[in-house]
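Peer 1: Okay, here's the structure, questions in a sec.
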Amino acid sequence: MSNSPTPSPTLALLTDFGIQDGYAGILKGAIQTVFAAHNISTVPVIDITHQIPSQQVAQGAWVLQTSKDFFPKGTVFVCVVDPKVGTSRQRGILVHCKAREQFFIAPDNGLLTPVLQAGGDKVAVYEITNDKYYRQCPFADDPAEVSHTFHGRDIYAPVAAHLAGAIAAGSAGKFLQDIGSEVSDAVQLTMDPPRQYSSEKTTMVEGTIRHIDVFGNLITDIPNTWVPDDADLEARIVARETTWFTRQLETYAQGEGKDHTFVLPGSNGTIELARYQASAKDLLDAAVGDMVALSW
């Protein structure tokens, strides 16, 4: 039997709800309702983001991939990007990543692809079916009614709150056995991996823009280690037939005075295309999903 201490739970939220409407706040309200009913306290609730572009499951998966490793053991991730909410084709799943003792709750639409791929045989996937853990709203006409259009509020958030309580009590294993059956057919996204090509005269790498941040930086899936820091690079947005010459810089500030988009080793471990105090997205008319080619 392990003598390791029981981890303290943390809840982390990732959605496409935005902040204009009340949806993100309501999600937290559903969590706090469970906490209050069961006298659960001191569980932090952290917003990863609520600004995933609407219904863009692949971008949600990328942000989750680049965020999850910075959270401690005992974290329960509530991930809701759910364009098929309420349909017969959309179930909810709970993934237990055993190696990191983290838990992920989401619709079964590929949003948890990076968790499933990174965990290998050290993940367990459960279909969420036990409705005793669903929304219990004391002020509704039917306190157990589940909306067809807001499973984040009525299923995922309450289940996450109950799971956090079970983690704190040292009974997460029992909770997993109770939430639903273990399954082996969770949906995974198919994404082309980055590629490398070499000849006697040229080396080229190709990858995809997976995310565009608020600054307009184009974040690719090309590993930083694939691009030398001392090479004269030819950069190309393939779909736009846009080509320019540049070098890899170490910081955004080093781009001051340069009139072109430069290459930067990003903090997530993958190459970014950026402009000094400007948007590379706007200047290149780039979009998520565009292919990037770098050669030297």
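What follows draws every value from the coordinates through simple rules; no lab data is involved. Note that the structure is a prediction, hence the values are computed from the model and not measured. With ideal geometry, Cβ positions are generated from the backbone for all residues, glycine too; neighbour counts draw on all protein chains shown.
Peer 1: Over all directions, the average projected area of the alpha-carbon convex hull for the chain comes to how many nm²?
Peer 2: Working: hull surface 73.3 nm².
Mean orientational projected area (the chain, Cα hull): 18.3 nm².
Peer 1: May I ask you to derive the FRET efficiency for Thr225 and Glu256 from their Cβ-Cβ distance with R0 = 25 Å, giving the value to the nearest 0.05?
Peer 2: Working: r = 26 Å, r/R0 = 1.04.
Plugging the Cβ-Cβ distance into 1/(1 + (r/R0)^6) gives 0.45.
Peer 1: Something else about it: Expressed as a rounded percentage, what relative contact order does the chain have, with Cα pairs under 8 Å and six or more residues apart? Each step should come with its number before you reach the end.
Peer 2: Details: 589 pairs, mean separation 46.4, N = 296.
So the answer I get is 16 percent.
Peer 1: For the range 115-121, in order, what is each residue's ³J(HN,Hα) by Karplus, 6.51 cos²θ - 1.76 cosθ + 1.60 with θ = phi - 60°, in whole Hz (x at glycine and Pro)?
Peer 2: Couplings: 5, 5, 6, 6, x, x, 7 Hz.
Peer 1: What are the residues whose amide H is under 5 Å from the amide H of Thr15, where those residues sit 5 or more places off or on another chain and H is modelled from the backbone?
Peer 2: So Thr15 has HN proximity to Thr49, His50, Gln51, Ile52, Val80.
Peer 1: Can you give the % of DSSP beta bridges in the range 1-153 that are antiparallel, to the nearest 5? It would help to have the intermediate numbers written out before the result.
Peer 2: On the way: 11 of 24 bridges.
The antiparallel fraction comes to roughly 45 percent.
Peer 1: Please give me, ordered by residue number, the GluC sites (Glu not before Pro) of the range 149-251 that lie in loop per DSSP and have at most 11 other Cβ atoms within 10 Å.
Peer 2: Details: sites: Glu182, Glu200, Glu206, Glu234, Glu241, Glu250; in loops: Glu200, Glu241, Glu250.
For GluC sites (Glu not before Pro) across the range 149-251 that sit outside H, G, I, E and B with at most 11 neighbouring Cβ atoms in 10 Å, the list reads Glu200, Glu241, Glu250.
Peer 1: Provide Arg247, Arg153 in ascending order of the number of other Cβ atoms located within 10 Å of each residue's Cβ, fewest first. Numbers along the way, then the final one.
Peer 2: On the way: Arg247 17, Arg153 22.
So the ranking, lowest neighbour count to highest, is Arg247, Arg153.
Peer 1: Within the chain, what is the number of lysine pairs with alpha carbons under 17 Å apart, leaving out pairs fewer than eight places apart on the same chain?
Peer 2: On the way: Lys68/Lys98; Lys68/Lys122; Lys73/Lys98; Lys73/Lys122; Lys98/Lys122; Lys98/Lys174; Lys132/Lys174; Lys258/Lys281.
Number of lysine pairs found: 8.
Peer 1: Also, quick follow-up: What full-extension length gain, to one decimal in nm, is calculated for Ser88 and Ser41 as 0.36 nm per residue of separation minus the Cα-Cα distance?
Peer 2: Numbers: separation 47, 0.36 × 47 = 16.92 nm, distance 3.55 nm.
Once the chain is fully extended between Ser88 and Ser41, it gains 13.4 nm.
Peer 1: Quick one: go through the range 98-112 and flag any residue whose amide nitrogen is under 18 Å from the point 7 Å out along the Cα-to-Cβ line of Ser8.
Peer 2: Flagged as within label range: 101-103.
Peer 1: Also, quick follow-up: Full-extension gain between Lys132 and Glu200, please, as 0.36 nm times their residue separation minus the C-alpha to C-alpha distance.
Peer 2: Details: separation 68, 0.36 × 68 = 24.48 nm, distance 6.42 nm.
Net length gain for the segment: 18.1 nm.
Peer 1: What ranking do Thr208, Thr113, Thr149 get, fewest neighbouring Cβ atoms within 10 angstrom at the top?
Peer 2: Values: Thr208 19, Thr113 22, Thr149 10.
Least to most surrounded, the residues fall as Thr149, Thr208, Thr113.
Peer 1: Among the complete DSSP H segments of the chain, which ones combine at least 18 Å of alpha-carbon extent along their axis with a mean Kyte-Doolittle hydropathy of 0.5 or more?
Peer 2: Values: long enough: 23-37 (21 Å, 1.12).
Helices meeting the criterion: 23-37.
Peer 1: Report, to two decimal places, the Cα Rg of the range 195-295 normalised by 2.2 N^0.38 Å (N = number of residues). Spell out each step's value before the answer.
Peer 2: On the way: Rg = 12.2 Å, N = 101, 2.2 N^0.38 = 12.7 Å.
It is 0.96.
Peer 1: Further question: Which percentage, to the nearest 5, of the DSSP beta bridges contained in the chain is antiparallel? Before the final figure, lay out the partial values.
Peer 2: On the way: 43 of 57 bridges.
Of all bridge pairs located within the chain, approximately 75 percent are antiparallel.
Peer 1: Here's another thing I want to ask about it. Just to be sure I understand: of the beta bridges DSSP finds with both ends in the range 195-295, what percent are antiparallel, rounded to 5? Before the final figure, lay out the partial values.
Peer 2: Values: 30 of 31 bridges.
So the antiparallel bridges amount to about 95 percent of the total.
Peer 1: Oh, and also: For the range 197-206, take each phi angle, set θ = phi - 60°, evaluate the Karplus expression 6.51 cos²θ - 1.76 cosθ + 1.60, and give the result in whole Hz per residue in order, putting x for glycine and proline.
Peer 2: 9, 9, 9, 5, 10, 9, 10, 9, 10, 10
Peer 1: Divide the volume of the convex hull of the Cα atoms of the range 129-268 by its number of residues and quote the answer in cubic angstrom per residue.
Peer 2: Details: hull volume 34.3 nm³, N = 140.
Per-residue hull volume (Cα only) is 245 Å³.
Peer 1: Would you grab the residues whose amide H sits under 5 Å from the one on Leu189? Only those 5+ places off in sequence or on another chain, please, with H modelled 1.01 Å from N.
Peer 2: It is Thr113, by chain and number.
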